[in-house]
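The values are calculated or read from the model by the stated rules, or taken from the named source; none is laboratory data. All of these numbers come straight from a predicted model, not from anything done at the bench. Reconstructed Cβ throughout: ideal geometry from the backbone, glycine too, with neighbour counts over all protein chains shown. Side chains included, ligands, DNA and RNA excluded: accessible areas come from the protein's heavy atoms. Shrake-Rupley method; radii C 1.70, N 1.55, O 1.52, S 1.80 Å.
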Amino acid sequence: MLDAFTILTTSGIVLFDRSYTSPKLSPHILNSLINDVFIEQHRPAPSSTASSTAPNPSFKKEKYTLRWTSARDVGLIFVAVYQSLLGLSWVEELLQLVKGVFVGRYGDKVKKEGGTGVDCREFGPTFDALVERCDTGTTRRDGAGLSSEGGSEEGEGELTPPSSSASVGEGVEEEPPGLPGLGGRSVSGLGKREVLESTGTSADVTPVPTPEASRPGTPMSKSSGHLVTAKGGPGKLSRRSRKGQVTSPASVASSGDEAIKRTREGGAKAKRRWDADGFATEGDDDAVLDYSAATADNAGEEREVEVEAVNAGDMGSRTGKGQFLLKDLDDEVNAIIASSKQQKQTSRADTISDGPSGLLGTTTSKLSGLFRNVIGGKTLTKDDLRQPLQMMETHLIEKNVAREAAVRLCSSVETDLLNQKTGSFTSIDATIRDSMAKALTRILTPTSSLDLLRNITRTIEKPDARPYVISIVGVNGVGKSTNLSKIAYFLLQNQLRVLVVAGDTFRSGAVEQLRVHVRNLTELSRRERVGSVELFEKGYGKDAATVARDAVAFATNSGKGEMLYDVVLIDTAGRRHNDTRLMSSLTKFGHLANPDKIFMVGEALVGTDSVAQARNFAKEFVDTKGQLRNNGVGMDGFIISKCDTVGDMVGTLVSMVHATGIPVVFLGVGQHYGDLRGLNVGWAVDKLMK
Ligand SMILES: Nc1nc2c(ncn2[C@@H]2O[C@H](COP(=O)(O)OP(=O)(O)OP(=O)(O)O)[C@@H](O)[C@H]2O)c(=O)[nH]1
């Protein structure tokens, strides 16, 4: 029996996994194949069960043989694991069939999504049916076997003792001549019925309709048709044993051939009916299969089969859905067999010119190429990293990260990973993603507390304090007034008293716009019984810096000994960051208003220009000694507005932080007063790495 089967992408993502052992087969068995054969490029052991020209190479690890095949165009590897002792020759066919069916069903999706978003859970029942089909020899008995040159293609190989078909691999132990008690024949070549009959136990054998056999038209009905469970009292014979039709495995094979021949010749497939003894009657064309009327004995046996199915980890093949899939499977398998026959003609010619070792060598080098992106304990070189890093750079730029920031990030990832040994069976892509996620997290995580409320409380509690002063700057139309109003709403919710200052004395309508916001907020604060808000305005044409200074003085001296405001929020006129005259007035504004916090609003949609915007605004905020305020970075934080309009493309966050070292404090996520959020670094990194 098979021990495990795995379908994985060449970048190391396991898409489908079946284990028949308990506990599950240790991952180091599969990892050795990846490391020893694909990465270190050791030659695989030649196939030892079929002929030396078998298309699927094998590898031995401990007591296991790993046999594999690949679908290069979609970047998939199919690996079967079984105990070397068993020498399962039908695994060749299984690999080809599973590859054909799986690629047919999921190939396009894997190509498109690289495997990450591909859900292959429904493949379980199909896989089980293919295992059963190969295990019971259906495919080989119809004369269309898929193992290249082996006897099985002739329909006889499975009946040939391994001593005549097994070859000795390079430094690989010889395939054992079958299990003791089987007359020197490998279990692999026999269906369960054949094994039992060959051991002379046919008298104790009762045929049981398997999940497969119970489906009209499923592959199992083409061959002997049922699993045989050693069970039943004395005198219970299988139908074939009763009729004395089957005396040797060879005759089982030929009877299978007969059945298929009948089907192929256009006749409807012979229906079977299970008689009261639980035996199938063949040749009765009117008979309809109805297993619901199974006898008590059969019901018991069905339970045994069910247990087998449960042990195999999937009951899907017994479900209605499974039946649908399995009916389609016949067509898929036939198509694969037909195309395989065609390919065989070509590969036979290649084999003749290359010789057997030539074929094996080609397969190995092709697979090594496939796995070049998988690393396992490999020391990374610049060459390894170059292409995936280029792809990562493009990915970041597509997420709206400015090129300059993307390039720098990638080079820091390269520095991190160069000469590093990575964990076993990890792809370079995955390693880079991991390292990039860490770099982004590092960049976006503020180094000092951004707890605005705590800072405000601490400041205004000091003796002789003035109100906490926050000013908002940025280019035209980015959302300064709107986000200032959102901050005001947030402060009101926290029972603070806010003075909003109409510092945009330049753009007509700016003061009125702010007046409307303050009116709305006043209404909200009354309704919700939170904080309070007022507007300080001096109309148009005044010097904005002077207005700001006056507003702060007014708030500080209000209330005769007791301040009436906790926070002063100053709006400013929008300006183009490359308009030197308007930009330089910010320096004076900084000196006169002397804000505790200067927040710059940047639009999430802005892209590359965000870097220049951030730098040019930051450099205007110098103290009286000409030093950039806030420990040399100029401003205190960014508000990235309109994040609700960019989906995953939140790269502006990274660009602005990367260019200045100034953290993101808030995100604007809509046009309501409540649409303001603190930055969740994990959320942003997830969006960027998607
Ligand atoms: N979708 C969305 N729209 C926003 C957001 N923030 C602001 N806006 C909109 O952006 C537009 C401009 O907002 P304002 O607040 O007037 O921008 P401003 O920077 O003050 O404009 P100027 O004073 O002319 O420089 C308005 O229509 C706002 O509703 C946001 O987070 N999401």
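Close amide H pairs (under 5 Å, H built 1.01 Å from N) link GLY634 with ARG629, residues at least 5 positions away or on another chain. With N as its number of residues, region 391-437 has a Cα radius of gyration that, divided by 2.2 N^0.38 Å, comes to 1.18. The simple spin-label model puts a point 7 Å past each Cα toward its Cβ; for ARG433 and ASN631 those points are separated by 3.4 nm.
Could you tell me which of the pairs LYS538/LYS560; LYS480/LYS560; LYS111/LYS642; LYS109/LYS690; LYS24/LYS60 are separated by over 25 angstrom between their Cα atoms in the structure shown? The pairs that break the limit, which is 25 Å between Cα atoms, are LYS480/LYS560; LYS111/LYS642.
Relative protection proxy for 390-398, 431-439, from highest mean packing down: 431-439, 390-398 (other beta-carbon atoms within 10 angstrom). Average 1/r across all pairs of distinct alpha carbons in region 452-689, invert it, and you get the Kirkwood radius: 17.9 Å. The share of accessible area on region 452-689 that comes from carbon and sulfur is 49 percent, using a 1.4 angstrom probe. Taking packing as the residue-averaged number of other Cβ atoms within 10 angstrom, the listed peptides 538-547, 464-473 run from highest to lowest as 464-473, 538-547. With a cut-off of 10 Å between beta carbons, the residues surrounding LEU592 carry a summed charge of 0, where Lys and Arg count +1 and Asp and Glu -1.
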